[in-house]
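Visitor: Attaching a single structure in structure tokens format; questions to follow.
The values are calculated or read from the model by the stated rules, or taken from the named source; none is laboratory data. Since we're looking at a predicted model, the values are computed, not measured. Glycine also receives a Cβ, built like all others from the backbone with ideal geometry; neighbour counts cover every protein chain displayed. Each accessible area value is taken on the protein alone, full model and side chains, heavy atoms only, with ligands, DNA and RNA left out. Shrake-Rupley method; radii C 1.70, N 1.55, O 1.52, S 1.80 Å.
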Amino acid sequence: MASKRSPARLIVALSAAAALAVFLLYTSIAGGTTPSLKPSQLAGHTGTVSLGGRVVGPISGDAHAQGLRFRLRDPDGSATVPVLFKGSKPDLFAKGREVIASGRLSSGTFLATSLSTKCPSKYAPKKSA
């Protein structure tokens with residue numbers, strides 16, 4: 001004689017799997033993202049953001065002691081924001097280079113906790129003079 005099994009175990013297992021799938025989908029789409037902004041979009045944002053722009057001078061200070069100070073400008077505009085970065089300066093960091101800084105805005109200055117340069121692509125077409 002075959003024993004009759006209760007469908008309760010199957011329902012519990014499927015419910016747990018569905019809840020896990022919804023949680024993973026939510027965290028992959030919206031849960032763990034950091035907003036990527038340009039200097040012109042930074043005003044009014046709180047919390048950690050990624051800020052992309054072009055380094056404009058003057059560049060002053062020491063990245064390890066009192067901090068490296070420079071300004072970031074919109075790649076396609078004129079808005080700028082002062083940046084203070086303490087940490088290891090990327091090798092390709094220089095005036096005119098596009099960078100991405102992660103950090104937060106405090107008293108009008110962007111306090112960067114990480115800094116990386118965007119490398120120019122060797123496959124990009126050359127600009128004509």
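Visitor: Among what's in segment 98-123 and is open to solvent by 60 Å² or more (accessible area, probe 1.4 Å) and within 15 Å of VAL55 (Cβ to Cβ), pick the residue that is farthest from the chain's Cα centre (by Cα).
Guide: Result: PRO120.
Visitor: ARG5 versus (1) touching a strand residue (DSSP E or B) at 6+ places or on another chain (Cβ under 9 Å); (2) assigned to a loop (DSSP other than H, G, I, E, B); (3) basic (Lys, Arg): which is the lone unmet condition?
Guide: With (1) touching a strand residue (DSSP E or B) at 6+ places or on another chain (Cβ under 9 Å); (2) assigned to a loop (DSSP other than H, G, I, E, B); (3) basic (Lys, Arg) applied to ARG5, the lone miss is (1).
Visitor: Just need a number here: residues in segment 15-52 that are under 27 Å from VAL81 (Cα atoms), at pLDDT 90 or above and surrounded by fewer than 12 Cβ atoms within 10 Å (Cβ to Cβ).
Guide: Qualifying residue count for the region: 0.
Visitor: Can you spot a residue in segment 56-75 that is closer than 15 Å to ARG104 by Cα and β-branched (Val, Ile, Thr)?
Guide: no
Visitor: I'd like the full set of residues that are in a loop (DSSP other than H, G, I, E, B) and over 19 Å from LYS118 (Cα atoms), limited to segment 20-69.
Guide: Matches in segment 20-69: GLY32, THR33, LEU42, ALA43, GLY44, HIS45, THR46, GLY47, THR48, HIS64, ALA65, GLN66.
Visitor: Could you tell me which of the residues VAL12, VAL55, VAL81, VAL99 is of a type in the set (Val, Ile, Thr), at pLDDT 90 or above and in contact with a Pro (Cβ under 6 Å, 6 or more places away or on another chain)?
Guide: VAL81
Visitor: Then there's this: Only residues that are over 10 Å from PRO39 (Cβ atoms) and among the small types (Gly, Ala, Ser): list them for segment 69-100, please.
Guide: Those that are over 10 Å from PRO39 (Cβ atoms) and among the small types (Gly, Ala, Ser): GLY87, SER88, ALA94, GLY96.
Visitor: Which condition number in (1) of a type outside the set (Val, Ile, Thr); (2) open to solvent by less than 30 Å² (accessible area, probe 1.4 Å); (3) at pLDDT 90 or above is the one that LYS86 fails?
Guide: All conditions are met except number (2).
Visitor: Right, another one. Is at least one residue of segment 63-70 loosely packed, with under 11 Cβ neighbours inside 10 Å and of a type in the set (A, V, I, L, M, F, W, C)?
Guide: Yes, because at least one residue in segment 63-70 is loosely packed, with under 11 Cβ neighbours inside 10 Å and of a type in the set (A, V, I, L, M, F, W, C).
Visitor: Based on what the data block shows, is VAL56 over 17 Å from GLY96 (Cα atoms), among the aliphatic types (A, V, I, L, M), touching a Ser or Thr at 6+ places or on another chain (Cβ under 7 Å) and surrounded by 11 or more Cβ atoms within 10 Å (Cβ to Cβ)?
Guide: It is false that VAL56 is over 17 Å from GLY96 (Cα atoms), among the aliphatic types (A, V, I, L, M), touching a Ser or Thr at 6+ places or on another chain (Cβ under 7 Å) and surrounded by 11 or more Cβ atoms within 10 Å (Cβ to Cβ).
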